[in-house]
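**Student:** Just dropping this structure here.
Derivation of every value follows stated rules applied to the coordinates shown; laboratory data play no part. Keep in mind the model is a prediction, meaning the values are calculated, not measured. As a convention, Cβ positions derive from the backbone with ideal geometry for all residues, glycine included, and neighbour counts pool all protein chains shown.
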Amino acid sequence: MSKTLFTSLPVVGSTKVVRRDGSAVLFAKGRGAWVQDERAQFYLDFSCGVGTVSLGHADGDFTARMAEAISNGLSFPGYGEAHARLTSAMLEGTNGTCVVSLFKTSSEAVNAALRLAMAETGRFGVIRCGYTGQADWQIAASPGWHEPLHSPLRGVIREVPGCRGLSGNELIADWIDLDPASLQQLLDQHRGRFGALVIDAYQFELAPAEALLEGINICREVGLIVILDETKTAGRYGPRGSWEHVLAKLAQYVILGKAIGNGAPISVLLGPDDLGDLYRASRIGGTHSKETFSACAALSTIEIMRERDGYNNLAQIGHAIVGTLNLAAHAANISEHLAVVPMLGGRLFEFAFSDQTIGAPLIRKELVMCLLDEGVIALEGHCSFINLAHGEIDHELMHDRVKAAFVKWRMSSILTL
C-alpha cells in the first residue's frame, strides 16, 4: 500500500496527527522521549501513544526483555507462566480480588464488566461518568468528559451515527456535573432501571474526591454495580492506578490499561474472586486473552518501573516539565490566556485555558498545531502524558521550542479575540 494512500486516509482525532497542509504525519520510529516521522523530522512526544508509553519509546531494558519473550512463542493452548506471574503482580496486596480476564483494549474490558453487571443485576441501564472506551454505548451522544467542570464544552453532546444499544430498556445516562444531588435525582427519576455506574478514575482530577465517593456510595446503596476505569491512571501512579487504594472496597470491577504495557496492547479486568461461575457463563475472555507478548510487556513494565522507582520519578519529571512549560508561557506573554497544570501528581498535565479561550475550540486546536510546527506533540481537550524518558529532556531546548509555538499562537489566535 502506498504512502499516498496512507496520507490521504480520512481519519480524524487522536489516531492521526495532521500537518497544516493536511498530510498525515507517518511515524517511523521512537527513541526515549522523541518520535521521528517519515520525513526524518523529530518531535518531542507528550502524547506517548495517547498514554500507552510509560517507560519511553524503545527503552533498552524493555526491548531486551520483549525480544526474549518473542523467542519463546506468542500463543499457547492456554494461559502460561507469564499470565500467572502478571496475575500475582496485579493482585499483590489485595484480598477477595481476581484477574477475571485479559484483553487487548480497555473498551473490551469495560464491556465485559458491564456484561457481568447486567447478568448479576438483571438491569440494563448504565450511568456513565467519564470517557470509558469506543463501544457504541460508550461514545454515542456523550459529552466532553475531559473538559473541566466550568468549561462550556463539557456539556456539548457528541453525536456518533450508527450506534446501537441506546434505546428501550438499555437506558444510557450521564453524570456530567459530578454533583451527588444530580446523581440522586437521576436515580430517582429512573428507579430500578440502572444496573451499573461506569466511572473514569480521571474524573477524580476534575472534582473533589468527596463528591465522587458520595455519588458512588449512593449508587451502591440502590444496588448498582460500580465499574472503575483506571485506564489513563494505571501504570503511572502504580500498577493498579491512582484510586484503587480508596475504591477497592467500593468498585466491584476495575479496568487497568494503556501504560501498563509500555505501548503493548493489553488491559486487565479485576473483579470479585467468588464469581467464577458467572464469569464462565458470561463467556468472558477470548482467543487473544491468552497470547503472551502483551502479558510479558505488562510484567516487564511493572518490574522496570519498580527497579527505577518509576512511579515516583514520573511525578518529579512531570512537575519539572510543567514548570518549564509555564516559564515558556510567561516568556511568550500568554500566561493570562494559558497555564499548564500538573495532573495525577505530575504524571500527566493539561492546558488550562482562560475563561476567554476555553470556549473557543478553533483557537485551542491552533495551539496544538503551533506546537506541532515547532516539533512538540501535545494534546488539548485531553490530558498529555509523561514517561520516564522525559527525565532526559534538554529543558532549554524544550523551552525554546515551546516558547516559539506559544508566540506563534499568540500572534495568530489570541489577538483575534
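**Student:** Can you tell me how region 10-130 classifies by the Cα gyration tensor, rounded, prolate or oblate, using a/c under 1.5 as the rounded cut?
**Tutor:** Because a/c hits 1.5 or more and a/b fails to exceed b/c, region 10-130 counts as oblate.
**Student:** Run through every distinct alpha carbon pair of region 73-307 and return the Kirkwood hydrodynamic radius in angstroms, one decimal place.
**Tutor:** 18.1
**Student:** With the contact rule set at Cα under 8 Å and sequence spacing of 6 or more, what percent relative contact order holds for region 361-417?
**Tutor:** Dividing the mean separation by the residue count of region 361-417 yields 48 percent.
**Student:** How high is the relative contact order of region 80-204, in percent, counting Cα pairs under 8 Å that sit 6 or more residues apart?
**Tutor:** 31
**Student:** Where nothing but the Cβ of Lys and Arg (+1) and of Asp and Glu (-1) is charged, how large is the charge dipole of region 213-321 around its Cα centre, in debye to the nearest 20?
**Tutor:** So the magnitude is around 220 debye.
**Student:** What percent of all Cα-Cα pairs in region 146-201 falls into each 10 Å bin, going from 0 up to the bin containing the maximum distance?
**Tutor:** Spelled out per bin, shortest first, that is 17, 46, 35, 2.
**Student:** Pick out the long, greasy-scoring helices in the chain: whole DSSP H runs spanning 27 Å or more along their own axis by Cα, mean Kyte-Doolittle at least 0.0.
**Tutor:** 310-331
**Student:** Please give the length that would be gained between A64 and R220 if that part of the chain were fully extended, namely 0.36 nm times their separation in residues minus their C-alpha to C-alpha distance (nm, one decimal).
**Tutor:** Full-extension gain reported as 51.6 nm.
**Student:** Which of L269, L379 comes first, and how do the rest follow, when ranked by fewest Cβ neighbours within 10 Å?
**Tutor:** Going from least to most buried by this count: L379, L269.
**Student:** State the Cα centre-to-centre distance between region 82-140 and region 304-332 in whole Å.
**Tutor:** Here the answer is 31 Å between Cα centres.
**Student:** Within the set K29/K104; K29/K408; K104/K258, which residue pairs have Cα atoms separated by over 18 Å?
**Tutor:** K29/K104; K29/K408
**Student:** Please state the relative contact order of the chain as a whole percent: Cα pairs under 8 Å, 6+ residues apart?
**Tutor:** With pairs under 8 Å counted, the relative contact order is 21 percent.
**Student:** Arrange the following residues from fewest to most other Cβ atoms within 10 Å of their Cβ: I139, I321.
**Tutor:** Fewest-to-most ranking of I139, I321: I139, I321.
**Student:** Report the label-to-label distance for F42 and D373 in nanometres (one decimal), using points 7 Å from each Cα along the Cα→Cβ vector.
**Tutor:** The modelled label-to-label distance comes out at 2.2 nm.
**Student:** Calculate the tail of P(r) for the chain: the fraction of all Cα-Cα distances greater than 27 Å, expressed in %.
**Tutor:** Every Cα pair in the chain considered, those over 27 Å come to 53 percent.
**Student:** Still on this structure, please answer the following. Report the label-to-label distance for H399 and K365 in nanometres (one decimal), using points 7 Å from each Cα along the Cα→Cβ vector.
**Tutor:** 3.3
**Student:** Hey, another quick one. Work the Kirkwood hydrodynamic radius out for region 289-375: mean of 1/r over every pair of different alpha-carbon atoms, inverted, in Å.
**Tutor:** By the Kirkwood definition, the hydrodynamic radius is 15.5 Å.
**Student:** Roughly speaking, what % of Cα-Cα pairs in region 113-225 are separated by over 20 Å, rounded to a whole number?
**Tutor:** Value for region 113-225 (Cα pairs over 20 Å): 38 percent.
**Student:** Explain nothing, just the number: dipole magnitude of the chain about its Cα centre with +1 on each Lys and Arg Cβ and -1 on each Asp and Glu Cβ, in debye rounded to the nearest 20.
**Tutor:** With only Lys, Arg, Asp and Glu charged at Cβ, the dipole is about 840 debye.
**Student:** Could you calculate the contour length gain from E307 to K29, that is, 0.36 nm times the residue separation minus the distance between their Cα atoms, to one decimal place in nm?
**Tutor:** That pair, E307 and K29, stretches by 97.5 nm at full extension.
**Student:** Report the charge-dipole magnitude of region 78-215 in Debye, nearest 20, computed about the Cα centre from +1 at each Lys and Arg Cβ and -1 at each Asp and Glu Cβ.
**Tutor:** Once rounded to the nearest 20, the dipole reads 440 debye.
**Student:** Which of L171, S354, A389 sits closest to the plus end of the dipole of the chain, meaning its Cα is farthest towards the positive end, when Lys and Arg get +1 and Asp and Glu get -1 on the C-beta?
**Tutor:** Checked the options; the winner is L171.
**Student:** Considering only DSSP states other than H, G, I, E and B, which GluC sites (Glu not before Pro) in region 60-116 qualify as loop sites with at most 15 other Cβ atoms within 10 Å?
**Tutor:** Here the sparse-neighbourhood loop sites are E92.
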